[in-house]
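The values are calculated or read from the model by the stated rules, or taken from the named source; none is laboratory data. These numbers were taken from a predicted model, which means no experiment stands behind them. Cβ placement follows ideal geometry from the backbone for every residue including glycine, while neighbour counts extend to all protein chains displayed. When the accessible area is computed, the model is the full protein with side chains, heavy atoms only, and any ligands, DNA or RNA have been set aside. Shrake-Rupley method; radii C 1.70, N 1.55, O 1.52, S 1.80 Å.
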Amino acid sequence: MTTTPTPSTQPRWLLAELTYACPLQCPYCSNPVDYARHGEELTTGEWQRVFTEARAMGAVQLGLSGGEPLTRPDLAELVTHARGLGYYVNLITSGYRLDEARIAALRQAGLDHIQISIQAPEKTLNDHLAGVESFEQKRQVARLIKQHGYPMVLCVVIHRHNIHLMESILEMAMELGADYLELANTQYYGWAHLNRDALLPTREQFTEAEAIARAYREKLEGRMKIYYVVPDFYEDRPKACMNGWGTTFLTIAPDGLALPCHEARILPGLNCPSVRDMSIADIWNHSEAFNRFRGFDWMQEPCRTCPEQARDFGGCRCQAYLLTGNPAAADPVCSKSPDRSRIEAAITQARSPVSSKPLVFRNSRNSRQLSSP
């Protein structure tokens, strides 16, 4: 344990990755590629203790995700405990196999918000990407969510294989009565990093899709909020990772590992602590992992003397590691980075025909070729 001074902020958002188990097999999943190697999931009691300790530190938003959190039989029990502590509780789910009885039970438990995902606006592509027949069932779940008094919050992950369907995606969201639509361009971690060359759209595809989303946003103002999450690779400045490392967000992995962001367990030598060994307060305030990239002292050039450092905090540490091998490097997304050429090379590769190598799906038994449009 380090003796680093207590940080000036406390966690506000707790992301509880309840499980890595998932019936879907999406090739852009952000879970670790080696998820099956990680240890035993936290018990109900251990999760309840985590919620209690984080709430005592000031966390107010709780996201329940995975994997697929619906695979946890104690989900309603966890929601009840969290809501009793005063959290705003958000379920982040594929919606697969979520039926009316369970929606009602979660409503009774106090769940505030449900976000579901659909892979594509038509059955064949949706079911292929998900790896299971799920399209019609997901559409029914979307309608049930609204019937039970929740806002309809829909997420569609965007990549090369569905970006050409942007208008159809927006029309589907309108048909389902979505109140919020997140068009989340793939961020290249986990399985998405493994499949990047087959998933990254061209700049022209991205520009056209963004224009369509913008037009619908204007047309539907006051009826549906549309969030278009820009892919990092087509920016010239990086995003502030998690609003700044160890300033706002706390992620707990299924096996109890505490992470400054949900991908941080890939970083070598980070020495992430477990909630089975340390309290949330000690993890946040004193652990090596949460202090490693706090503030600015860790920065190398060009970040160390960059006037924008307080805005982007050097960008994403995981992206820097995946692209350069050095988690302390400037995020290569930045045009000032000496490694920006790595991003340009990936963009150039996106112009090439998709390799004959099949997409690697989250369940490797289902790895298969998917033709690019």
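Only the Cβ atoms of Lys and Arg (+1) and of Asp and Glu (-1) were treated as charged; on that basis the dipole of the chain about its Cα centre amounts to roughly 160 debye. Remark: relative contact order (the chain) = 20 percent; criterion is Cα-Cα distance under 8 angstrom and separation of 6 or more residues. Ranked by the mean number of other Cβ atoms within 10 Å per residue, highest first, peptides 342-350, 108-116 order as 108-116, 342-350.
Accessible area per residue, 1.4 Å probe, Å², for segment 129-258: what's the number? Walk me through the intermediate numbers first.
Numbers: 4910 Å² over 130 residues.
The answer is 38 Å² per residue.
Centroid-to-centroid, using Cα positions, segment 70-95 and segment 243-304 are 24 Å apart.
Rank by packing, highest mean first: peptides 124-132, 210-218, with packing defined as the count of other Cβ atoms within 10 Å averaged across residues. Numbers along the way, then the final one.
Working: 124-132: 19.1, 210-218: 15.4.
The most tightly packed comes first, giving 124-132, 210-218.
Return the FRET efficiency for the residue pair residue 341, residue 214: r is the Cβ-Cβ distance, R0 is 30 Å, and the value is rounded to the nearest 0.05.
On the way: r = 30 Å, r/R0 = 1.00.
Approximately 0.50, to the nearest 0.05.
Compared with the alpha-carbon gap, the fully stretched path from residue 308 to residue 276 is longer by 7.7 nm at 0.36 nm per residue.
Here is the list for segment 101-156: GluC sites (Glu not before Pro) lying in DSSP coil, each with at most 15 other C-beta atoms within 10 angstrom of its C-beta, are 122, 133. The smallest convex shape that holds all Cα atoms of the chain, its convex hull, gives 138 Å³ per residue. Surface composition of segment 1-117: carbon and sulfur make up 52 percent of the accessible area, probe 1.4 Å.
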